[in-house]
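Visitor: Here it is, the structure in full.
The values are calculated or read from the model by the stated rules, or taken from the named source; none is laboratory data. Since the model is a prediction, treat every value here as computed from it, not as a measurement. When we count neighbours, we look across all protein chains shown, and the Cβ atoms used for this are built from the backbone with ideal geometry, even at glycine.
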């Protein structure tokens, strides 16, 4: 099993997300993440789907996606050079001043941002590729992560 | 331009699409539609006695005519009663447009009376589906629906039409063309791939053609026959492919797979080249996947890219329409010989023929053989139910023409055959139509006897009556220690429950009971002469099995033969 990224351009109509997610559940494919949003043309949406599959199943996933009438085109971004990004919000336990200072240091050195400070917590936002996000999570983990929210990956072909 | 309402638009669109027959059942959410349709002679509405009957009839109609079958049902239970039929058509790639009424568009999502989310329910079992909320969209949706249903790999399309949209008025114009960005099927085969296939044929010593329902759907039987005869390559067909190649041709190996002929299965397993045409390597065909045709190079001609390399790794895929690709192949394929290969096959045919114990008892295989023998010049259409009856009908009848074998292959729907036979008879009014059934499956849509009688459709129902759900009983006998858990429909054959002769008569149809082998041909001849529907209740040898049989999970050359 490995991670594959596929982008599907779809008609921006109601029910299309259900068709795509239904396809995955009906055929037993695993979705790691799915991000969907409008593209430069308002009648087309783009779904970026990260799947956990083997090569053969991934081939089927692409073909089955293509078979859906509302799917306009399917792009395999696994092999091609692409820029991928994900946004993450991490709520960290931070009651003591010295801990808050340490979190600020981590945030400064990684290029992340503090977006909310509560009495007992600090919320950090980071945008980046998988490595960058993973590294930040690991740096913050010792302080006690209370909540993580991720958008799922979006990707665009480079060049 | 004057305005007309949604119901009227729908009817005009159906006329534009050349629809002559609609199968259906009325209900609250389709009253405006029925009311408009009441004004027209064409399309003609055929009232079935259950919505499932309507969709199977539309399916049978589509299979014999090659046209799109159309059915109508009301919202909620009417619509959900179509589900089995939609899934049946989807698995066998049959073009159908199913129109369902829906509650008022303003009530959708409110759990209104007779509301069901049909677009949601049928999403995984249709090729595509629509909910029309705006009457201005209706004509375009219908145009698209017919285009999608009949083009590419055909399939069922559902249109869910709220009752208020049927009444809303708008200006009507039927779109001249369709342009769906995400739907452009490939028809022409890739030239390079065709060349590679031809080279593989030249290299092969033990080639075999494995033809499926796609050959029939693309009307490619003639091209397939030319191809096989020119290349001198033997042909086996799937259950769905019966009739795509004449079984009386010496190149024919009959059907392959779980209940295929021994020689077809041995030939496939020993082959060094498989040319799959419009078939999809279904598990009933391949048996144990790892052991399937271990030394074969696989060429796969199919219009659906998703069918390629789904189960079996394909070496030379050719995506496109079977008819067009076969035409290209026929231009260039060289005359083949394969003398050794044909000799081996001939030996298998001699040593392992398709046979049964032909004694004095009334055996189902004999009944099917007699139907075949007595209708040779009559070009009959054979519809079937599902189970042993279906397999005996597949094995012991010689199919020579496409669209003469009508059976639920992929989904295996009991209760399919009789309503499909009704649709077939309406599609081909002059044809001799049989439904070969079991006593179990015929009861699943027996209410359609009323449809057949009132419409004076001379469908011949052949019940191979053994008082069992025979196919499951066969598995229980062979693999479950003869524990016949709920497969016994009648304790002995004296108990008539139901009495099919009386049942036929109660509907105003003809009923004949046959208990002796000697009476079989007389009964069939009498039934053929009847101008209305007939039930022939053949009381067959109860525990007759279907052989050969490949047990589940075994390679297809490891068959049980039953006779030794």
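Visitor: Please go through segment A:52-88 and pick out each residue that is touching a residue at least 60 places away in the same chain (Cβ under 8 Å), under 20 Å from the mean Cα position of the chain (by Cα) and in a strand (DSSP E or B).
Guide: Within segment A:52-88, A:74, A:75, A:76, A:82, A:83, A:84, A:85, A:86, A:87, A:88 meet the criteria.
Visitor: If I ask for residues that are within 14 Å of chain B (Cβ to nearest Cβ) and either under 21 Å from residue A:84 (Cα atoms) or without any contact (Cβ under 8 Å) to a residue 24 or more places away in the chain (or both), which ones from segment A:36-48 would you list?
Guide: Passing the criteria: A:39, A:41, A:44, A:45, A:46, A:47.
Visitor: How about segment B:30-44: which of its residues are surrounded by fewer than 17 Cβ atoms within 10 Å (Cβ to Cβ) and touching a helix residue (DSSP H, G or I) at 6+ places or on another chain (Cβ under 9 Å)?
Guide: Residues satisfying the conditions are B:31, B:35, B:39, B:40, B:42, B:44.
Visitor: Restrict the check to segment B:174-184 and report whether at least one residue is more than 13 Å from chain A (Cβ to nearest Cβ) and over 20 Å from residue B:70 (Cβ atoms).
Guide: yes
Visitor: For segment A:62-81, name all the residues that are within 26 Å of residue A:14 (Cα to Cα) and more than 10 Å from every other protein chain (Cβ to nearest Cβ).
Guide: Hits for segment A:62-81 are A:75, A:76, A:77.
Visitor: While we're on this one: Which ones in segment B:65-81 are in contact (Cβ under 8 Å) with a residue 60 or more places away in the chain and within 20 Å of residue B:21 (Cα to Cα)?
Guide: B:65, B:66, B:67, B:68, B:69, B:79
Visitor: Would you be able to say whether some residue in segment B:436-448 is in contact with a strand residue (DSSP E or B) (Cβ under 8 Å, 6 or more places away or on another chain), modelled with pLDDT of 95 or more and surrounded by fewer than 23 Cβ atoms within 10 Å (Cβ to Cβ)?
Guide: Looking through segment B:436-448, none of the residues is in contact with a strand residue (DSSP E or B) (Cβ under 8 Å, 6 or more places away or on another chain), modelled with pLDDT of 95 or more and surrounded by fewer than 23 Cβ atoms within 10 Å (Cβ to Cβ).
Visitor: Please verify whether segment B:478-490 includes one or more residues that are surrounded by fewer than 23 Cβ atoms within 10 Å (Cβ to Cβ), assigned to a helix (DSSP H, G or I) and touching a residue at least 60 places away in the same chain (Cβ under 8 Å).
Guide: yes
Visitor: Within segment B:50-67, identify whether any single residue is touching a strand residue (DSSP E or B) at 6+ places or on another chain (Cβ under 7 Å), in a strand (DSSP E or B) and not assigned by TED's automatic domain parsing to the domain that holds residue B:443, and answer yes or no.
Guide: No, there is no match, as no residue in segment B:50-67 is touching a strand residue (DSSP E or B) at 6+ places or on another chain (Cβ under 7 Å), in a strand (DSSP E or B) and not assigned by TED's automatic domain parsing to the domain that holds residue B:443.
Visitor: Please pick out the residue among B:503, B:457 that is part of a helix (DSSP H, G or I) and assigned by TED's automatic domain parsing to the domain that holds residue B:392. Reasoning before the result, please.
Guide: Details: B:457 fails: part of a helix (DSSP H, G or I).
Being part of a helix (DSSP H, G or I) and assigned by TED's automatic domain parsing to the domain that holds residue B:392 holds for just one of B:503, B:457, which is B:503.
Visitor: Here is a further query. Considering B:53, B:6, B:27, which residue is crowded, with 17+ Cβ neighbours inside 10 Å and within 26 Å of the chain's Cα centre (by Cα)?
Guide: B:53
Visitor: Suppose the filter is under 24 Å from residue B:435 (Cα atoms) and in contact with a helix residue (DSSP H, G or I) (Cβ under 6 Å, 6 or more places away or on another chain); does residue B:538 pass it?
Guide: Considered against the rule, which asks whether it is under 24 Å from residue B:435 (Cα atoms) and in contact with a helix residue (DSSP H, G or I) (Cβ under 6 Å, 6 or more places away or on another chain), residue B:538 comes out as yes.
Visitor: Kindly provide the set of residues from segment B:135-158 that are over 22 Å from the mean Cα position of the chain (by Cα), within 20 Å of residue B:90 (Cβ to Cβ) and either within 11 Å of chain A (Cβ to nearest Cβ) or touching a residue at least 24 places away in the same chain (Cβ under 8 Å) (or both), ordered by number.
Guide: B:142, B:144
Visitor: Oh, and also: Residue B:4 - would you say it is touching a strand residue (DSSP E or B) at 6+ places or on another chain (Cβ under 9 Å), touching a residue at least 12 places away in the same chain (Cβ under 8 Å) and not in a helix (DSSP H, G or I)?
Guide: When the stated conditions are applied, residue B:4 passes them.
Visitor: State which residue is farthest from the other protein chains (Cβ to nearest Cβ) when the search covers only segment A:25-35 and only residues that are touching a helix residue (DSSP H, G or I) at 6+ places or on another chain (Cβ under 6 Å) and surrounded by 14 or more Cβ atoms within 10 Å (Cβ to Cβ).
Guide: First, the residues of segment A:25-35 that are touching a helix residue (DSSP H, G or I) at 6+ places or on another chain (Cβ under 6 Å): A:26, A:29, A:31.
From the residues that got through so far, the ones that are surrounded by 14 or more Cβ atoms within 10 Å (Cβ to Cβ) too are A:29, A:31.
Details: A:29: 13, A:31: 16 Å.
Once the filter is applied, the top-ranked residue is A:31.
Visitor: Then there's this: Among the residues of segment B:223-250, which ones are in a loop (DSSP other than H, G, I, E, B) and crowded, with 20+ Cβ neighbours inside 10 Å?
Guide: B:233, B:234, B:238, B:239, B:240, B:241, B:242, B:243, B:244, B:245
Visitor: Further question: May I ask you to verify whether residue A:124 is more than 14 Å from chain B (Cβ to nearest Cβ), buried (at least 16 other Cβ atoms within 10 Å of the Cβ) and in a helix (DSSP H, G or I)? Walk me through it before giving the result.
Guide: Details: more than 14 Å from chain B (Cβ to nearest Cβ): yes; buried (at least 16 other Cβ atoms within 10 Å of the Cβ): yes; in a helix (DSSP H, G or I): no.
Here the answer is no, as residue A:124 does not meet what is asked.
Visitor: Hey, can you tell me all the residues within segment A:9-24 that are within 11 Å of chain B (Cβ to nearest Cβ), assigned to a helix (DSSP H, G or I) and out of contact with any helix residue (DSSP H, G or I) (no Cβ under 9 Å at 6 or more places or on another chain)?
Guide: Those that are within 11 Å of chain B (Cβ to nearest Cβ), assigned to a helix (DSSP H, G or I) and out of contact with any helix residue (DSSP H, G or I) (no Cβ under 9 Å at 6 or more places or on another chain): A:16, A:21.
Visitor: Please give the number of the condition residue A:51 fails out of (1) out of contact with any helix residue (DSSP H, G or I) (no Cβ under 8 Å at 6 or more places or on another chain); (2) more than 27 Å from residue A:139 (Cβ to Cβ); (3) at pLDDT 95 or above; (4) more than 14 Å from chain B (Cβ to nearest Cβ).
Guide: Result: residue A:51 passes all but (1).
Visitor: If you don't mind, there's one more thing I want to ask. Yes or no: segment B:317-324 includes at least one residue that is over 16 Å from residue B:196 (Cα atoms), buried (at least 23 other Cβ atoms within 10 Å of the Cβ) and in contact (Cβ under 8 Å) with a residue 24 or more places away in the chain.
Guide: yes
Visitor: Considering (1) out of contact with any strand residue (DSSP E or B) (no Cβ under 7 Å at 6 or more places or on another chain); (2) over 25 Å from residue A:67 (Cβ atoms), say which one residue B:169 fails and leave the rest.
Guide: (1)
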